[in-house]
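Take a look at the structure set out below.
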Amino acid sequence: MKIIADAVPCHLVSGFLGSGKTTLIQHLLANKPKHERWAVLSNEFGEIGLDAALLEAQQPQQDVFIKEVPGGCLCCAAGVPFLVALNQLIKLAKPQRLIIEPTGLGHPVNIKQRLEQLAKQGTIQLGTSLALVDARVLTDKRYTEHENFPAQLSIADAIVASKNDLYQAQDKLALTNYLHHQGLQDKPLVYSQHGQLDMSVLLSPVAKLSPQLKSWSLTANSIATPRVEDNPEIAGEPQPFAVKQHHQDGVYSLGWQLPANTRFKQTALLTWLESLDLLRCKAVLQTPQATLLINQVNGQGKLQTLAPSEENRIELIASQALDQTHLSEQLLACCEP
């Protein structure tokens, strides 16, 4: 499939689960040149789809267009969903700059190769690519032993050490040592907090940021098409909510989309989430008082209130299988009667 359009400057913003990609993109959108149209194509690991909702909920600007490809990796299954979504986004939004946010478990080399192919076709022109890393996770083997973790850093033009305000001295030392061990010590490194990043890091020509990129190879068995499972339909019984599961490369997601009129008991909900062993939790849920925006990594993160909306979506991501029946019962127990 070849997309006919003027070449659009395109930036890849990657990073492992919970590294802060969405927060950084929110900052970039809030500080983009006025009257310039930007678009974001977001790919989420889970099937419920929350990243676009999170961006839209906190993005008051006009001239920003957001589209989501939920589930798996942008480059899987011949990349057809990605190409279709990109085609639609460019055709309808006619952006002057495009940001692509792949899932934290996306295969970065394959994504970069896909973008290079589109650049050769004249669909896009490749701009500076960023890879985010939270230095605090470098002691956690669930991250460092996953081969996509170093690969994301390797294919980026610049590395952004996110959540710098939460670092201790040993975290920065661990990051320096890790990058040196991976042979990435010469790659530009920028520290960021609260998602803030000088726009010049994104807009500077690649040649001014870094030398020739180091190549990185993945084993063939890591490029399997992700498996997606929907909850089975029960004959004669309408489902009270939609629930979807997804697993890939040893990581599991379980997500729910509930009716718009569902209201949650905030204390019960937060107590339940604190009891779970999760890599990530993202949610937009209604309470009787307001909309809750939850964005947590390893049990820590943000809890914000927004103006009331019709969204009721939650996604749990863990390094072990998630019991759909049991967790669904617990979630429903957090709802108002």
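Among the strands (runs of 3 or more DSSP E) lying completely within the range 283-330, list those that include at least 3 residues that are aliphatic (A, V, I, L, M) and either assigned by TED's automatic domain parsing to the domain that holds ASP165 or in contact (Cβ under 8 Å) with a residue 12 or more places away in the chain (or both).
291-297, 313-318
Of the numbered conditions (1) of a type outside the set (A, V, I, L, M); (2) within 24 Å of ARG37 (Cα to Cα); (3) crowded, with 20+ Cβ neighbours inside 10 Å, GLU116 satisfies every one except a single condition; which is it?
(3)
For the range 109-149, which residues satisfy the criterion of being out of contact with any Leu (no Cβ under 8 Å at 6 or more places or on another chain) and more than 20 Å from GLN296 (Cβ to Cβ)?
GLN113, GLN117, LYS120, GLN121, GLY122, GLN125, LYS141, GLU145
Condition first: on the phi > 0 side of the Ramachandran plot and surrounded by 15 or more Cβ atoms within 10 Å (Cβ to Cβ). Can you find one or more residues in the range 297-313 that meet it?
Yes, the conditions are met somewhere in the range 297-313.
Of all residues in the range 299-337, how many are polar (S, T, N, Q) and in contact with a Gly (Cβ under 7 Å, 6 or more places away or on another chain)?
Residues in the range 299-337 being polar (S, T, N, Q) and in contact with a Gly (Cβ under 7 Å, 6 or more places away or on another chain): 1 in total.
Exactly one of (1) in a strand (DSSP E or B); (2) modelled with pLDDT of 90 or more is unmet by TRP272. Its number?
Every condition holds for TRP272 apart from (1).
Going by the conditions given, is LYS112 assigned by TED's automatic domain parsing to the domain that holds GLN185 and over 17 Å from the mean Cα position of the chain (by Cα)?
In short, no.
The values are calculated or read from the model by the stated rules, or taken from the named source; none is laboratory data. All figures in this text were calculated on a predicted structure; none of them were measured in a lab. For neighbour counting, all protein chains shown are included, and Cβ atoms are generated from backbone atoms with ideal geometry for every residue, glycine included.
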